[in-house]
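Accompanying notes for the structure given below.
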Amino acid sequence: MRASVRRLFYREQDKIEMTVTNKQRYRFSEAPIWNIQRKYYEEEGLKAWNNDQVPQYITCNPLIAAAYAEMIFGLLQDRANKGDNSEPVLIVELGAGAGRFAFHVLHELCQLIDYVGIAVPPFRYIMTDLAMNNILAWKKHPALQPFIARGILDFARFDAVHDTVLNLIVSEATIRKGDLKQPLVIVANYFFDSIPQELLYVGEGQIYEADVFVEYPERSDSLKPSELLDQISLHYEHRRAPEYEQEAYPYRDVIATYREHLEDSHILFPVTALTCLERLNQLSQEGFLLITADKGDHLLENFKFAEPPELILHGSFSLTANYHAIQQVLQQNGALALFPPHHYKNINVGCIIHMNTPMDYSQTRLAYRRFIERFGPDEFFSLKEWVDRNLDSMELQQILSFWRLGGYDAEFFIQSTKQISSLLQDANDEEQQDILQGIQLLWSSYYVMEQRYDIALEAGLLLFEMEMYEESKRFLEISIHEDQEEIVSTVYYCLAICCFELELEEDALKYMRELLKLEPDHEEARALIHRFESV
Ligand SMILES: C[S@@+](CC[C@H](N)C(=O)[O-])C[C@H]1O[C@@H](n2cnc3c(N)ncnc32)[C@H](O)[C@@H]1O
């Protein structure tokens, strides 16, 4: 969850003294907050996602990834139906962050292609980010190695503010203007809300820029980026900006819509996002498919009388994305924009087919209808919030259903093991088998984050409670090998019992001795060792 919400103060009539040395005036998109934000991501690397400082669950869980995999698979089928099966389709994820989303998409997409068994074009997924530290960490992440080895995953440092080519790190290829013969798939989650935007104000049919005055705290040089963002003060002042209304302005039509339909409203205007999409568009001869999720409205009604934006702090900060402008600009170029017909609560997922004859892309459109519009990541997250609050009163079948719905998500498993454990005494064989199957599926698609959860330990203990000794032993041994420093005596005890049950007496004694090193007075262990040694 967003850690704190901070109001930006707007004072239209304020006569802020420019003589005060620690206050300066900027266009919003050029304010220093953006550089502080870049510094934050570049310095923190994957640690930015520890303790959910920067939230990731909502945009990176297996359910949203599966929905994207379905849309990408839809596009591959649509291209196959057009007879374009030989050239590879590139999928570029902007600001791929912790990397968990990309892993789940690749896992699901490969499974879909294998399951259906029809010929589709080859694909390559390119994880990109501004922060080189992220890229270096993805490159050596164990879960990504099989995809790198198959040649379907590559990486690039791509700065959305100005980069024009993709320099791929593994293959060392460079993708330049016009190189791609298939449409480019662009994925952007929690991204357009994190890159610079213009801040405009509409009043009496005229456009103003809302300039920002930045006031730094004392000794700001000594602060970390996250502390500085927390302590900096921002105030706004309007400045008439007729250049947005002129014929030559590239997004004049969208601005005209705002002038006509809005009054006394603030608008975050996504010039950087639009130019970034245009730069990426140039790479392909066939256009692009944009799949994107964010806090951001595509309906004009939500802009009416909008207050100045809120800077939402979470180590870095984010605003909201202006999907209305992105949609309108791309539609003017002939694109088909798919957004839900209902209102979103936490995350708005859009799919924009920016290609010739977009209605031809029926499998892509169907996938959007089935996996986003009908029931998608936003609905799932609302349910997840309810489940988080009510887990203690949920029954085993409800927990299993929700776990299955969420694609056997590791985080939900960690959250629910205590409740599952408390329900085990009434669980029948079938339910216990389903728990085992869930654990196996989870493990086959588990992406370890910088902040580790000991999934193997939790799985091993639960399986031990279900007297599934072979499987329990497997997971508990994985757990002790992964974290040799923090092994608790219970794990050795459970391992010893598993080994006794499996008639592996040598191993059982070995684990009992390890247990006694940690807990020399453990009477049961002493007695068991004594019994076996005296036989
Ligand atoms: C809020 S995080 C979202 C991460 C991920 N997509 C997710 O949903 O969890 C924003 C990401 O964009 C990256 N980023 C910020 N500014 C960028 C820029 N100008 N160009 C490329 N990436 C940028 C950050 O490093 C970070 O990984």
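Before moving on, here are some points about what is shown:
- Helical runs (DSSP H, four residues minimum) scored at -39500 (n - 2.57) apiece and divided by the length of the chain put the mean residue ellipticity at 222 nm at -13000 deg cm²/dmol.
- Rounded to whole Å, the principal axis extents of the Cα atoms in the range 19-111 read 66, 31, 19, largest first.
- In summary, the aspartates and glutamates within cross-link reach of Lys304, defined as a Cα separation below 14 angstrom excluding same-chain residues under 8 places away, comprise Glu204, Glu260, Glu263, Asp264.
- Inter-label distance, nm, simple model (7 Å from Cα along the C-beta direction), Arg513/Tyr115: 4.9 nm
- Relative exposure of Phe305, Phe191, judged by other C-beta atoms within 10 Å (fewest first): Phe305, Phe191
- Karplus-derived 3J(HN,Hα) values for the range 412-427, using 6.51 cos²θ - 1.76 cosθ + 1.60 with θ = phi - 60°, are 5, 4, 4, 5, 9, 4, 4, 5, 4, 4, 6, 9, 5, 4, 9, 6 Hz; glycine and proline are entered as x.
- Kirkwood Rh in Å, taken over the range 394-533 so that all alpha-carbon pairs contribute: 15.9 Å
- About the Cα centre, charge dipole magnitude for the range 394-533 (Lys/Arg +1, Asp/Glu -1 at Cβ), debye: 180 debye
- Exceedance of the 18 Å cut-off in Cα-Cα distance is limited, within the set Lys82/Lys181; Lys47/Lys139; Lys139/Lys224, to Lys139/Lys224.
- Residue-normalised convex hull volume from the C-alpha trace of the chain: 179 Å³ per residue.
- Under-5 Å amide H pairs with Ala321, H placed in peptide plane, nonlocal only: Lys295, Gly296, Asp297
- The calculated FRET efficiency for the pair Thr357 and Thr275, based on their C-beta separation and a Förster distance of 25 Å, comes to about 0.45.
- Within the straight-line cut-off of under 22 Å between alpha carbons, the lysines reachable from Lys384 are Lys295, Lys345, Lys418, sequence neighbours fewer than 8 places apart in one chain being disregarded.
- Packing-based exposure ordering (other Cβ within 10 Å, fewest first) of Lys39, Lys304: Lys304, Lys39
- Neighbour-count ranking [beta-carbon atoms within 10 angstrom, fewest first] of Val54, Val187, Val387: Val387, Val54, Val187
- Added length on full extension, which subtracts the Cα-Cα distance from 0.36 nm per residue, Lys47 to Asp429: 133.4 nm
FYI, it's all coordinate maths here, none of it is from the lab. For clarity, every value in this text was computed on a predicted model and none was experimentally measured. Because the Cβ atoms are built from the backbone with ideal geometry, glycine has one as well, and the counts that use them run over all protein chains shown.
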